[in-house]
Amino acid sequence: TDDAVILTETRGHVGLITLNRPKQLNALNDALMDALGDALKAFDADAAIGCIVVTGSDKAFAAGADITAMAQKTFPASYTEDFISRNWEAMMQIRKPVIAAVRGFALGGGCELAMMCDLIVAADNAQFGQPEIKLGIIPGAGGTQRLTRAVGKAKAMDLVLTGRMMDAQEAERSGLVARVVPLEGALDEAVAMAETIAGFSLPSVLMAKESVNRAFESPLAEGLRYERRLFQSLFATADQKEGMAAFLEKRKPLFTHR
Ligand code: HXC
């Protein structure tokens, strides 16, 4: 039997998913994307989990979609099987925050997968790029869209048109990654960040994610109205009462996540 293409474990209240095709630098094939979608949905449904981390190896988060599997693909097959949205859009259904802990290469579909996550923690050896142009194609899982929103037109055009890589420092300067951390301990740092998030009241965490994402889908006035309604609704939660009482009583809150 084949080795598992992903590994899952829980650390405290964090669901950790490790992409596991190390010999192919975690090239993303259907088996891996199917398994990743299943694992994401399972953690999202698990009441003991408050935040999810997706990572690869020290050398590669993922070096892209699997070129071996794509090389002979035709347009009719690509179109009829809905390549690549069929098993790539599972991430969009996940309501809990998903952190990409990127070490080494995040290229092509690997960079796109990282950008589908809610935020990226990058090790100092991370390399980001959309090298599809070198293969005679373009990014197909959001690379021209999410990268442009994250880093702006100039940098996005530079990366997408030349196929060059950008290192962790440049990625942080450009707004693609939230934090850069030393490679040693990078995954632990991402998991610690996830554990912090998992400790907060779940309704507030889900609404925070939903509201930030709304900024990319709506005009400002609509986004502000949406945020205000969610904000107001949180006053219906037990955790709002607990969080504010704990502050006033100078103690730590004990959230019940409802
Ligand atoms: C299949 C891949 C792969 C990929 C690496 N490998 N990337 N196999 N698909 N995307 C394989 C190599 O063929 C090799 O297999 C092994 O992994 C190790 O890679 P090397 O090239 O020997 O390693 P290195 O010299 O360190 O170079 C690392 C690298 C290079 C710079 C990341 O592997 C590379 O350029 N990879 C391709 C990156 C890329 O073009 N990505 C975009 C793909 S298109 P063997 O058998 O020789 O050991 C894409 C489209 C997305 O993502 C569209 C929407 C999904």
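A few notes on this one:
- Only a single criterion out of (1) surrounded by fewer than 17 Cβ atoms within 10 Å (Cβ to Cβ); (2) under 25 Å from residue 21 (Cα atoms); (3) within 16 Å of the ligand (Cβ to nearest atom) is not satisfied by residue 182, namely (3).
- Hey, residue 141 assigned to a loop (DSSP other than H, G, I, E, B), among the aliphatic types (A, V, I, L, M) and either under 15 Å from the mean Cα position of the chain (by Cα) or more than 8 Å from the ligand (Cβ to nearest atom) (or both) or not: yes
- Entry remark, the stretch 175-194: residues being in a loop (DSSP other than H, G, I, E, B), closer than 26 Å to residue 144 by Cα and without any contact (Cβ under 8 Å) to a residue 60 or more places away in the chain number 2 in total.
- Single residue of the stretch 153-174 satisfying the filter (hydrophobic (A, V, I, L, M, F, W, C) and outside any helix (DSSP H, G or I)) that is nearest to the ligand (Cβ to nearest atom): 165
- Qualifying residue in the stretch 34-50 (condition: more than 11 Å from the ligand (Cβ to nearest atom), among the aliphatic types (A, V, I, L, M), within 24 Å of residue 148 (Cα to Cα) and free of Cβ contacts under 8 Å to residues at least 40 places away in the same chain): no
- When the stretch 59-89 is filtered for residues that are assigned to a helix (DSSP H, G or I), within 13 Å of the ligand (Cβ to nearest atom) and surrounded by fewer than 22 Cβ atoms within 10 Å (Cβ to Cβ), the ones remaining, listed by number, are 67, 68, 69, 70, 78, 85, 86, 87, 89.
- Residues being within 19 Å of the chain's Cα centre (by Cα) and among the charged types (D, E, K, R) - total across the stretch 199-258: 4
Bear in mind that the values in this text are calculations on the coordinates, not laboratory data. This structure is a prediction, so every number in the text was calculated from the model and none was measured. Neighbour counts run over all protein chains shown; Cβ positions are idealised from the backbone, glycine included.
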